[in-house]
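The values are calculated or read from the model by the stated rules, or taken from the named source; none is laboratory data. Since the model is a prediction, treat every value here as computed from it, not as a measurement. A quick note on method: Cβ atoms are made from the backbone with ideal geometry, for glycine too, and the neighbour counts reach across all protein chains shown.
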Amino acid sequence: MVETDTTPLWTDAEWAAALIALLGHSVGGVHLRSPPGPVRDYWLERVRHLSGQSHLRKVPASIPEGRLLGGIDLAATLKHGRPVAETGLLEECDRQMVIAAMAERLPRNSVHHLCTALDSGRIAIARDGVERACSVRVTLIAQDEGTEEEFAHSALTDRLGLALDMTVMGIHDVEDEIFTHTDIKRALARIERVVITQAQQSALTALSLSLGIGSPRPTLAALKVARGSAALRGDDAVTEEDIARALRLCLLPKAERLPDISETPPEPESEPEPREDSEPPPTSEQPPSEEDRLLEAMMTQLPEGLLEQLQSRAARLRQSTAGSAGAQHRHQQRGRPTGALRGDHRRGGRVNILATLRAAAPWQPIRRRQEAPDSSEETPRDGQPLRKIEIRSDDIHITRFQQRRESLTLFVVDASGSAAMQRLAEAKGAVELLLADCYVRRDQVALIAFRNETAELLLPPTRSLVRAKRALAALPGGGATPMAAALDLTRDLAERASKQGTTMQYVILTDGAANVSRDGTRNREAGTRDALTAARALAAGPSSGLVIDTAQRPQPRARELAESLRGTYIALPKADSQTLNRAIRAARS
Amino acid sequence: MNIAYPFTAIVSQDDMKRALKIAAVDPGIGGVLVLGERGTGKSTTIRALAALLPKIDVVSGCAYHCDPHSPRPGLCSQCGKPGETPDSSALTIPVVDLPLGSTEDRVVGALDIERALVNGEKAFQPGLLAQANRGFLYVDEVNLLEDHIVDALLDVAASGENVVEREGLSVRHPARFVLVGSGNPEEGELRPQLQDRFGLSVDVRTPSEVATRVEIIQLREAFDRDRNAFRKKWARKEGALRRKIQSARSALDQVDTPANLLETAARLCLALGTDGLRGELTLVRSARALAALEGKETATLAHLKSIAPSVLRHRLRRDPLDESSADSRVQRVIAELFDHGGD
């Protein structure tokens, strides 16, 4: 091992490579947030070299479940005349390091299977006539190329002990190597001896709590990383340096809030600059306990580390304004297969080979006899590989896909003073009832509230009722009615939805009393005029909607709005949420 | 070969542990739904339960684990044939995993392709539901289960019987299992029909006290270092709990349920406006199982009160104007009914 004064960015990356090569499956893997490029390639090459693997297998995000888990091997099945299972990619990679490419795009089911593999080192398979459990002790490097709010799924990142953010690293940051494969082997022999004290364990645990990390997994990983770090240094005891490293590589990337620090952190610098490797500051005084002292030492480290985090996060945000080029890909789903149906493949559709074989299988002996009635060697049990499978057009099964066009219901709730006071609670109730309805139909829901100067997207499109409920509960009332702003925002959302191939429907709950114009000034006339302009622009779009008049007495204002929107108008004075719900359902169908 | 973390070494999460123990004592309660954020030990706890389950008598060689002592109608077609009593053997209550991505043929069972291909026989290959008969069926991330699998589950869970009509097969076999599901509610909700099938539901959170966290971390770390030694260390506690569950199972029928307890359960459900009788029934059965677990001869009001949130939480009608959690609503009604001179 060679000590060099490299930049901390690369030092951490190099340490992470060594640690994952050393610890492997026991810490799950690395969450590698990085755009594709030479730095990432170089780092992956370092990992491959240090782990001594000949190459790193890759799991593409689009991998079908059957390939990931394994299923039936059709070629072998036909050859041998009995079902032969095919090994899935995960099983092939047992005890190896695997790269999950574009982890932010992994379908939820693949995420689940990877999580199971990381948790228990085993997966159970029950598909396509194959049923077994197999060992899949993989170490996963999840390449997360997400921009904006796209991240690898939190269930997955929670299980990946190490995290590395290379978004701010350029090729000039890459420095000399620190470790060799021999260092790893030496550390492997040492790691069992490395001692981590109770106080150090408690300090790391307490710290992860104060960083708002709910799950215990990152802390467990941090303990292993601290021990691994000591082993790599050639030490038998974990020191503050190791703890600090575990903190930077395991805990800080998962921090959800800043811990309470009594002294104010230093002023943040505008640009991330290479800094000296942060040595734990020597503490001269003797605080009461080892644990407290450690905690304090770590706390003094925090502002620097967090600063780095915040800076890279800011950089990430800056980069992300370029736009979401990938948004379309996600919705190019052809629907999911929902079983097979007997059918004619000439009319289109994908032949489901397994179902076809299954249909043909029981008839084989009879068909063979029909086909070659005099052939004497046609004994059903001889197991000759030459035996053919007789398939009739009647056997052919077509995979049935269910192409569900995603649909989104957007609630636009007037929370202004005029509407809010009596009706906001009603509106909330109606939205909740509708949410349950949307859930049954697997719709996504979103929520916009408008009051005072602006309209706000309180809840971006989601399927989670829990989140919708929470957003709704937090909705305050009172103030002016910026109708135009609300309609503009609705139009934005409608456009975004249609780009993604989602059908959007909106439900506006208002009394129609617009009194804030587009430029944000309070003026009833301009407000109404702008609202109607915005409504017509919205009506030109692909989405449809309805307006629910929540005024005490039905007003022409809301009706006029509905007409401009070319939407349905429902006046519901004195309606309770149940009636409202019924009305909306009736209007929709 | 895969060593599970011991159930008794799981720190806190008492609600979840109690619900699972109750389900192990009385399989008729209808299963347990565990909801919580990541890292709360949902799967760990459920998998740990498997090691605690006692043995049951099954008909030797029966794919559905039929009970040799039970009356004929509830058995599979093979064991249900009149004739001499079949051989029986002991089997640890099975815990069967229903992994996401399972296909319907493996869940409900399908034509045995091997026998069909090799012998041209039309034979039924039992699926996961058959294996889970008289045991547990565990679905991790149950809220992500595909709709057609959920439909199959719902039907079987309601009738206790799996009917397969496919590929020219016509098979029916018993499939009574304790459905255990876990999931993160942030990722989408459960279909109401499926939610309703669960007898008990628990909400798990990560403990936020430092001392508890340190204990969790240290135990887990010790387990990861040497799983065998760790299990050995906890073997005595595990054995004690296993015996406790076993004796509670056999004592269950003797536990006395006073008439006023039934009435109380009915009043509680009425006050909370839960639909159907299932809530009341589960409430009484759970109180009884809890009493059996504690070695008591009578189920009391205290048992009922302590288990009520788990039984009723997921059965409440959504009240859009009430922002309080389901738990606190149950607690509030209990307090109103019993503690303020309401009785």
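Counting residues that are within 14 Å of chain A (Cβ to nearest Cβ) and buried (at least 16 other Cβ atoms within 10 Å of the Cβ), which helices (runs of 4 or more DSSP H) fully inside the stretch B:185-292 reach at least 3?
Answer list for the stretch B:185-292: B:192-197, B:210-225.
From the set of residues in the stretch A:100-128 that are in a loop (DSSP other than H, G, I, E, B) and touching a Lys or Arg at 6+ places or on another chain (Cβ under 7 Å), which is nearest to the other protein chains (Cβ to nearest Cβ)?
Across the stretch A:100-128, the extreme among qualifying residues is A:Gly121.
Identify, from the list B:Val95, B:Val107, the residue that is in contact (Cβ under 8 Å) with a residue 40 or more places away in the chain, more than 8 Å from chain A (Cβ to nearest Cβ) and within 22 Å of the chain's Cα centre (by Cα).
Just a single option satisfies the conditions, and that option is B:Val95.
Is there a residue in the stretch B:255-275 that is under 18 Å from the mean Cα position of the chain (by Cα) and basic (Lys, Arg)?
no
Going residue by residue through the stretch A:433-451, is there one that turns out to be modelled with pLDDT of 80 or more, over 24 Å from B:Gly188 (Cβ atoms) and of a type in the set (Lys, Arg)?
yes
Among the numbered criteria (1) over 22 Å from the mean Cα position of the chain (by Cα); (2) at pLDDT below 85; (3) polar (S, T, N, Q); (4) over 28 Å from A:Leu249 (Cβ atoms), which single criterion is violated by A:Ser62?
(1)
For every residue, the table says whether it meets (1) surrounded by fewer than 23 Cβ atoms within 10 Å (Cβ to Cβ); (2) closer than 30 Å to A:Asp119 by Cα; (3) under 13 Å from the mean Cα position of the chain (by Cα); (4) touching a residue at least 12 places away in the same chain (Cβ under 8 Å).
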position	(1), (2), (3), (4)
B:Val25	no, yes, yes, yes
B:Gly30	yes, yes, yes, yes
B:Pro54	yes, yes, no, yes
B:Cys66	no, no, no, yes
B:Pro71	yes, no, no, no
B:Gly83	yes, no, no, no
B:Leu91	yes, yes, no, yes
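Which one of B:Gly120, B:Gly168 is over 23 Å from B:Leu35 (Cβ atoms), within 14 Å of another protein chain (Cβ to nearest Cβ) and in contact (Cβ under 8 Å) with a residue 40 or more places away in the chain?
Unique residue meeting the criteria: B:Gly168.
Restricting attention to the stretch B:123-143, and to residues there that are of a type in the set (A, V, I, L, M) and more than 10 Å from every other protein chain (Cβ to nearest Cβ), which single residue is farthest from B:Ser77 (Cα to Cα)?
B:Val142
In the stretch B:83-111, which residues are in contact with a helix residue (DSSP H, G or I) (Cβ under 9 Å, 6 or more places away or on another chain), of a type in the set (Ser, Thr, Tyr) and part of a strand (DSSP E or B)?
Correct list: B:Thr92 only.
May I ask you to list the residues in the stretch A:87-99 that are surrounded by fewer than 19 Cβ atoms within 10 Å (Cβ to Cβ) and either within 13 Å of another protein chain (Cβ to nearest Cβ) or among the charged types (D, E, K, R) (or both)?
Residues satisfying the conditions are A:Glu92, A:Asp94, A:Arg95.
Filter the stretch B:112-129 for residues that are assigned to a helix (DSSP H, G or I) and of a type in the set (A, V, I, L, M, F, W, C); which is surrounded by the most Cβ atoms within 10 Å (Cβ to Cβ)?
Of everything passing the filter in the stretch B:112-129, B:Leu129 is surrounded by the most Cβ atoms within 10 Å (Cβ to Cβ).
Go through (1) within 14 Å of another protein chain (Cβ to nearest Cβ); (2) touching a Pro at 6+ places or on another chain (Cβ under 6 Å) for A:Glu192 and report which single condition fails.
Of everything listed in (1) within 14 Å of another protein chain (Cβ to nearest Cβ); (2) touching a Pro at 6+ places or on another chain (Cβ under 6 Å), A:Glu192 misses just condition (2).
Anything in the stretch B:135-146 that is surrounded by fewer than 21 Cβ atoms within 10 Å (Cβ to Cβ) and closer than 17 Å to B:Phe198 by Cα? List them, or say none.
The one that is surrounded by fewer than 21 Cβ atoms within 10 Å (Cβ to Cβ) and closer than 17 Å to B:Phe198 by Cα: B:Leu144.
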